């Protein structure tokens, strides 16, 4: 495959390469035609070397910099005046050639071409040529290498910045997804419980159709539960819509102190629930809220899947753990109980986040038990 040339660059870069190629060839021609210098460069070498140098600088200064540098070094070895092209090609070696073996080889050839030991009769003249070669070859090459290193550093910093921005964007998306999951879980726990109570109350209304007072009481309870469900849903949606956290609707989150109220609501719709819990429990607010949601979800599932069953809620705490257990017996058979199983999935995720353990499984008597152990 043919090597890529600098002529494939943009128009502005092509103009730069053309200018450098013409300047290099002219400097060689002017220096070689100076009659005060001896020995003069052979005319045949100039006739062949000048166009080759110009063409090599034009086409390969950036892609194959060793080629124009080798030509300029050979022409420099023919005459001490042919040195201007070395500045251009030596800089190109440092700037565009990444291989250090070629850089070192070019530096040695450039110094030898400048010193011209075959034309020197004294050590001082040879040393002068070496010093001149250092300025004509090593200095431009060092500048080119510095520019290349700086460009590579800028590219690396830019790539690192882009990676950091991409990682930050992924973290932001993950945070948004986590928050949406949390809000969806809260909506499921709160609104789902209210709706389940409304379903049970509606069934109780159907069974008490002959008792007007009972029907009126149950209808009022359905209306109250519906209002509470709408208020809780409105609060959750308000959090999603609010762009400022300070403007989001705030409400106290339920905890262990609200278990008695939760049990009373379930009893009001006909569930037989017994609560056994210490009168006052001092735990972390996050743990308290998680315990409340566990009991709420377990009671909701018992009402949907085991209507009429006796439900026992036990809360106990030792020095390091809070144990919440909700168990129910076998209730009336239900053909198609609504629910997709996401409630227990949400409970497992909530308990896992707190570093606790959750057990949810059927019992031998046909009932079901949900037990969570939460660290305190």
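The values are calculated or read from the model by the stated rules, or taken from the named source; none is laboratory data. Just so you know, these numbers come straight off a predicted model, no measurement behind them. Quick reminder, even Gly has a Cβ in these numbers, built from the backbone with ideal geometry, and neighbours come from all protein chains shown.
Brief remarks on what is shown
- If the condition is being touching a residue at least 24 places away in the same chain (Cβ under 8 Å) and out of contact with any helix residue (DSSP H, G or I) (no Cβ under 6 Å at 6 or more places or on another chain), then segment 357-374 contributes 363, 365, 366, 367, 368, 369, 371, 373.
- Among the conditions (1) at pLDDT below 80; (2) crowded, with 21+ Cβ neighbours inside 10 Å; (3) closer than 20 Å to residue 56 by Cα, residue 140 misses just one, which is (1).
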